[in-house]
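The values are calculated or read from the model by the stated rules, or taken from the named source; none is laboratory data. Small disclaimer: the values here were computed from a predicted structure and weren't measured. Cβ sites come from the backbone with ideal geometry, for glycine too, and all protein chains shown count toward neighbours. Side chains are part of the model used for accessible areas, which takes the heavy atoms of the whole protein and leaves out ligands, DNA and RNA. Shrake-Rupley method; radii C 1.70, N 1.55, O 1.52, S 1.80 Å.
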Amino acid sequence: MHGMVGVRRSSKIMWTVVLVSVGILACCVVFPFFWMLMTSLKSAEEINRIPPTLLPELWLFKNYAAAWLKPESTFEQYFINTVIIAGIGTALQLLVCVPIAFAITHFSFRGRHLIFMLVVITMLIPYDVTLVPNFVTMRHIPFAGDNDWAGDGGQGFYDSYMGMMLPFLAEAFTIFLLRQAFLSVQKEYWEAAQVDGMSNGRYLWTVLLPLVLPSLITTALLAFIGKWNGVLWPLLITSSESLRPLQVGLLYFVSEEGPNYHLLMAAATFTIAPIVLLYLFAQRWFHQGITATGLKG
């Protein structure tokens with residue numbers, strides 16, 4: 001009896017330690033966002049005060065209006081640009097990657113495994129290494145941006161929406177996730193479709209994709225977030241302020257005198273709010289998709 005009581009007591013102590021540890025870690029994760037939100041509602045004078053205040057003395061919601069209108073092209077234009085780049089870019093990326101993953105997993109042809117291995121190897125190449133080659137390619141694409149057949153004479157896809165989206169349409173990580181999702185579907189569906197005379201395209205869009213919908217949503221969400229958070233490539237491939245996205249727009253709240261923290265934090269809140277709302281809406285499919293893509297290799 002005393003042994004059972006001791007086991008139960010040690011179990012309760014263990015779970016208490018686990019819960020306290022998780023609570024501390026959760027606070028560490030949430031606190032920066034809480035601080036960002038509170039800072040966005042303070043005055044510049046209060047932000048620089050020592051010791052700092054946790055909550056604003058005056059809740060200055062006008063900071064959000066000032067942040068929305070402050071940059072040269074206004075934050076509204078940056079927001080529209082980001083929606084276009086992330087939304088259309090994600091749709092085009094899925095249109096490219098879904099058929100590639102489908103071909104790799106459902107058709108037998110020479111070099112299939114080699115192609116997939118080469119795709120995976122590209123995931124090991126540092127992102128920074130590809131910037132200059134991608135830039136040169138976008139500038140010299142034939143018949144784009146007044147270029148001739150040799151890719152000279154114009155600016156190609158430089159300073160355009162397409163220039164920001166095109167290099168990342170066939171992304172290795174997206175192909176990898178989709179391949180894992182497609183492999184988790186039983187082959188009997190594919191065999192039955194072939195017996196019934198169903199076309200490959202019809203099977204893909206009416207049978208396979210609905211079966212892997214959580215994984216497809218997860219892949220789309222990850223791709224969308226990656227494009228939404230892009231800053232280095234859009235800054236390199238564009239020169240017009242009217243085309244640049246949110247992350248580049250945040251740079252304009254940092255002046256020679258230092259950051260305007262109250263406006264910068266308000267703009268940062270605008271930037272992350274859509275991603276948070278999107279995750280809250282799609283979290284059920286997101287969790288299912290993360291689990292499904294690891295079922296079979």
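Listed peptides 237-246, 259-268 appear in the order 259-268, 237-246 once ranked by packing, highest mean of other Cβ atoms within 10 Å at the front. If a spin label sat at a point 7 angstrom from the Cα of ILE225 along the line to its beta carbon, the backbone N atoms of region 82-101 nearer than 16 Å would be those of 86-87, 90. Each Lys and Arg Cβ is given +1 and each Asp and Glu Cβ -1; about its Cα centre, the chain then shows a dipole of about 1440 debye. Taking amide H as placed 1.01 Å from N in the peptide plane, the amide H of ASN147 sits under 5 Å from that of GLY154, GLN155, GLY156, each at least 5 places away or on another chain.
Available extension along the chain between LEU280 and SER108 is 58.0 nm, counting 0.36 nm per residue and deducting the alpha carbon span. When peptides 128-139, 172-183 are sorted by average Cβ neighbour count within 10 Å, with the highest value leading, the order is 172-183, 128-139.
Return one whole number: the accessible area per residue of the chain in Å², for a 1.4 Å probe. Accessible surface, normalised per residue, equals 59 Å². The listed residues TRP205, TRP190, TRP228, TRP149 rank as TRP149, TRP205, TRP190, TRP228 when sorted by accessible area, largest first, using a 1.4 Å probe. Accessible surface comparison of LYS12, LYS70, LYS227, probe 1.4 Å, protein chains only, largest first: the order is LYS12, LYS70, LYS227. Positive contributions from Lys and Arg (+1) and negative ones from Asp and Glu (-1), summed over other residues with Cβ under 15 Å from the Cβ of ILE100, come out at +1.
Straight-line cross-link partners of LYS187 among the lysines, defined as a Cα under 24 Å from its Cα and at least 8 positions apart when in the same chain: LYS296.
About its Cα centre, the dipole of region 28-93 is roughly 60 debye, where the only charges are +1 on Lys and Arg Cβ and -1 on Asp and Glu Cβ. Ranked by the mean number of other Cβ atoms within 10 Å of their residues, highest first, the peptides 229-235, 165-171 fall in the order 165-171, 229-235.
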